[in-house]
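One structure below.
Every number in this text was worked out from the coordinates using simple rules, so none of it is lab data. All of these numbers come straight from a predicted model, not from anything done at the bench. Note: ideal-geometry Cβ built from the backbone for every residue, glycine included; neighbour counts use all protein chains shown.
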Amino acid sequence: MIGHRQWEVIGVALDDRKLDVLRAIVEDFVSTHEPVGSKALVERHNLRVSPATVRNDMAVLEEEGYIAQPHTSAGRIPTDRGYRLFVDRLSSLKPLSAAEKRAIQQFLEGAVDLDDVVRRTTRLLTQLTRQVAVVQYPTLSRSVVRHLEVVELTPTRLLLVLITDAGRVEQRVVEVPEPVDEERLGLLRGRLGAAVHDRKLPEASAAVAELPEQVEPELRPVLTAVVTALMETLVEHPDDRIVLSGTANLAGLDFPSLRLVLEALEEQVVLLRLFGEVDSTSVVHVRIGGENEVENLRTTSIVTVGYGPGGTALGGVGVLGPTRMDYPGTMGAVRAVARYVGELLAGN
């Protein structure tokens with residue numbers, strides 16, 4: 001599925017022939033980066049009409065705001081509105097080849113941990129799309145605790161290891177106020193494990209907060225210190241949630257407002273906004289040009305989709321590039337990579 005904002009079609013209705021002309025203009029402009037004329041459209045596409053008819057259709061498309069003429073006597077180029085209609089009318093996304101699918105699977109399966117998965121995913125998307133790839137770490141608030149281990153480093157120093165269903169590992173060293181023997185360590189593991197196992201992190205946090213009042217007095221001082229550290233671990237860390245690659249690709253695309261785009265990409269808060277609507281692993285969202293809320297990104301298009309095990313979106317993957325991107329190919333690549341990442345996390 002494709003997520004998007006709906007555009008109201010004003011004026012005359014666009015019949016299938018005019019939509020075919022718009023599709024051809026978009027495809028040619030993306031391919032050649034040059035304004036497209038009626039004669040070229042007739043020669044390159046099987047429109048089955050004369051150049052005069054195509055010119056009439058282009059005049060209607062221009063009047064309705066789907067294409068524009070950048071210079072006098074030049075051909076036409078799509079507008080943001082034209083790209084949006086093109087994306088909305090896509091019947092299918094460009095599939096990856098069998099070789100590409102095998103390469104993606106082998107590349108991601110070679111990852112050694114979650115950090116490696118994220119890094120490899122950005123590299124894959126950059127290579128497949130030649131755009132800027134952005135990957136959001138699995139959001140802790142959506143994750144489920146799979147395991148909590150308490151390891152004795154010294155009698156008064158413990159290591160907490162929290163593992164989520166997305167493969168994310170959080171570790172924290174805790175100084176406890178008094179020595180912990182094997183018996184008390186076993187009690188700690190049992191109490192903490194029962195409180196957090198198979199719970200989403202917000203629920204686990206609430207359950208852990210109640211533990212000190214529920215245990216015997218002799219265990220309370222140690223458990224309070226452990227719970228305090230664990231509560232800090234369960235809180236979201238937004239500063240390490242985004243990884244991107246491929247910004248050098250923008251320089252090779254004759255990109256408008258390059259400096260402003262790069263400045264926006266340096267801001268973690270801006271990048272996190274790109275994933276504000278990513279709540280599904282099946283809906284591909286496309287923001288085109290002026291649809292982007294961030295002013296410095298209004299010369300770009302952004303394609304995002306969620307990823308996670310079992311269809312649950314724990315984070316998002318996406319690409320950012322110029323509005324004249326190959327939408328079917330880019331959307332297909334983003335969706336395919338997200339699915340492989342979800343399957344990989346499910347296997348963990």
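Close amide H partners of residue 94, meaning residues 5 or more places away or on another chain with modelled amide H under 5 Å apart, are 329, 332.
Ordering of 99-110, 82-93 by packing is 82-93, 99-110, highest average first (other Cβ atoms within 10 Å, averaged per residue).
Taking Cα atoms only, the orientation of helix 16-32 departs from the longest principal axis of the chain by about 70 degrees. All C-alpha to C-alpha distances of the chain, sorted into 10 Å bins beginning at zero, yield P(r) values of 5, 22, 24, 19, 13, 8, 5, 3, 1, 0 percent in whole numbers. Considering only the Cα atoms of region 260-321, their convex hull presents on average a projected area of 3.9 nm². Summarising the strand pairing of region 142-234, around 100 percent of its internal DSSP beta bridges are antiparallel. In summary, the aspartates and glutamates within cross-link reach of residue 18, defined as a Cα separation below 13 angstrom excluding same-chain residues under 8 places away, comprise 57, 62, 63, 64.
Residues 57, 279, 16 in ascending order of nearby Cβ atoms (within 10 Å, fewest first): 16, 279, 57.
What value, in deg cm²/dmol to 500, does the helix sum -39500 (n - 2.57) over DSSP H runs of n ≥ 4 give at 222 nm once divided by the residues of the chain?
Values: 13 runs with 152 residues, N = 348.
For the chain, the value works out to -13500 deg cm²/dmol.
In order along region 283-299, the phi-based Karplus estimate (6.51 cos²θ - 1.76 cosθ + 1.60, θ = phi - 60°) of 3J(HN,Hα) comes to 9, 8, 9, 10, 10, 10, x, x, 6, 6, 6, 7, 4, 5, 9, 7, 9 Hz; Gly and Pro are listed as x.
If Lys and Arg each add +1 and Asp and Glu each add -1, what is the summed charge of the other residues whose beta carbon sits under 11 Å from the beta carbon of residue 310?
Details: positive: none; negative: 165, 343.
After counting each charged neighbour, the total is -2.
Along its three principal directions, the equivalent ellipsoid of region 142-234 from the Cα gyration tensor extends over semi-axes of 21, 14, 11 Å, largest first.
Semi-axes, largest first, in whole Å: what does sqrt of 5 times each Cα gyration tensor eigenvalue give for region 71-211?
On the way: eigenvalues 483, 66, 39 Å².
After diagonalising the Cα gyration tensor, the semi-axes are 49, 18, 14 Å.
Axis angle, to the nearest 10 degrees, between helix 220-234 and the longest C-alpha principal axis of the chain: 10 degrees. Between the amide H of residue 147 and those of 163, distances stay under 5 Å, these residues lying 5 or more places away or on another chain, with hydrogens modeled in the peptide plane. So how tilted is helix 182-196 from the main axis of the chain? Cα-based, degrees 0 to 90, rounded to 10. Compared with the principal axis, the helix lies near 30 degrees. By the equivalent-ellipsoid construction on the alpha carbon gyration tensor, region 65-153 comes out with semi-axes of 42, 18, 13 Å, ordered largest to smallest.
Here region 101-179 has an Rg and Dmax of 17.4, 56 Å, counting Cα atoms alone. If both residues of a DSSP beta bridge must be in the chain, then about 95% of such bridges are antiparallel. For residue 300, the residues 5 or more places off, or on other chains, whose built amide H falls under 5 Å of its own are 289.
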